[in-house]
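Notes follow the structure.
Where a number appears in this text, it was derived from the coordinates with a stated rule and is not lab data. Please read all numbers here as calculations on a predicted model, not as lab measurements. Heads up, the Cβs are rebuilt from the backbone with ideal geometry, glycines too, and the neighbour counts pull from every protein chain shown.
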Amino acid sequence: MAYNVRVFWKKKLDEPFVDNKYSRSHTWTFDGGIELAASSSPHVVPLPMSNEFAVDPEEAFIASLSSCHMLWFLSLAVEKNYVVESYEDNAEGVLAKNEEGKLAITQVTLRPKVIFDNKHAPAPEQIVELHHSAHEKCFIANSVKTKINVVQV
């Protein structure tokens, strides 16, 4: 199975390139037709060359880990007949030097807050197991070296 995303950037006509002050704004177009404004992070490339209102690769990476974990968690909850009313995660990633001395997202902390229907809710230890299983099944988590922590809220 293959997944496709179009990433498109074009130099502005009046903008020099070799001075390294070109815009990092670009677009991501997904196979469903959704288009997102993307840019380098303003923490990495200063404004105005970055677009602070666009999604940056670091944010997208963290969001993909969080989203993958959530989707597996919901699927596993259904298998156990637990009814999830809402799921919210305020995930955070840390950009630091890894063991090889290279900048990387070295750690991601997921902070899922899950609300269950009172009649169909798991016990606390079952929630821990659901998160563990979701992490084990997440394709994105299985694809990276980043340390991923899940802290229940």
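Using the count of nearby Cβ atoms within 10 Å as a rough guide to exposure, how do Arg111, Arg24, Arg6 rank from fewest to most? Write down the numbers at each step before the final one.
Details: Arg111 15, Arg24 18, Arg6 10.
Lowest to highest Cβ neighbour count: Arg6, Arg111, Arg24.
Ordering Ala63, Leu95, Val45 by the projection of their Cα atoms onto the charge dipole of the chain, which places +1 on the Cβ of Lys and Arg and -1 on the Cβ of Asp and Glu, puts Val45 at the extreme positive end. For the chain, just say rounded, prolate or oblate: build the C-alpha gyration tensor, square-root its eigenvalues into a ≥ b ≥ c, call rounded for a/c under 1.5, and beyond that prolate if a/b exceeds b/c, oblate if not. Prolate, because a/c is 1.5 or more and a/b exceeds b/c. Karplus-based coupling profile of region 104-119, in residue order and whole Hz: 7, 6, 8, 8, 10, 10, 9, 10, x, 10, 10, 10, 9, 5, 4, 7, with θ = phi - 60° in 6.51 cos²θ - 1.76 cosθ + 1.60 and x standing for Gly or Pro. Here the 3J(HN,Hα) profile of region 8-22, calculated from phi with Karplus coefficients 6.51, -1.76 and 1.60 at θ = phi - 60°, is 10, 9, 9, 5, 6, 4, 8, 9, x, 10, 5, 7, 6, 10, 7 Hz, Gly and Pro shown as x.
For each pair in Lys113/Lys137; Lys80/Lys137; Lys102/Lys137; Lys97/Lys147; Lys80/Lys113, compute the distance between the two Cα atoms and list the pairs where it is over 25 Å. If you can, show how the numbers build up before the last one.
Numbers: Lys113/Lys137 19 Å; Lys80/Lys137 16 Å; Lys102/Lys137 28 Å; Lys97/Lys147 13 Å; Lys80/Lys113 18 Å.
Distance filter (> 25 Å) returns Lys102/Lys137.
Separation of region 25-47 from region 89-153 is 24 Å, based on Cα centroids.
Determine the dipole magnitude for the chain: charges of +1 sit on the beta-carbon of Lys and Arg, -1 on that of Asp and Glu, nothing else is charged, the reference point is the Cα centre, and the result goes in debye to the nearest 20.
Values: 15 positive and 20 negative charges, 67 e Å.
Rounded to the nearest 20 debye, it is 320 debye.
Mind checking which of Phe139, Phe73, Phe30 has the largest fluctuation in a GNM of the chain, springs on alpha carbons under 10 Å? Sorting by GNM fluctuation, first place goes to Phe30. A simple rule links phi to the HN-Hα coupling: the Karplus curve 6.51 cos²θ - 1.76 cosθ + 1.60 with θ = phi - 60°, which for region 70-85 gives 4, 4, 5, 4, 4, 4, 5, 4, 4, 4, 9, 6, 8, 9, 8, 8 Hz, with x for Gly and Pro.
Given only helices, namely DSSP H runs of n ≥ 4 each adding -39500 (n - 2.57), what is the per-residue ellipticity at 222 nm of the chain, to the nearest 500 deg cm²/dmol? Walk me through the intermediate numbers first.
Details: 2 runs with 37 residues, N = 153.
-8000 deg cm²/dmol, from helical runs alone.
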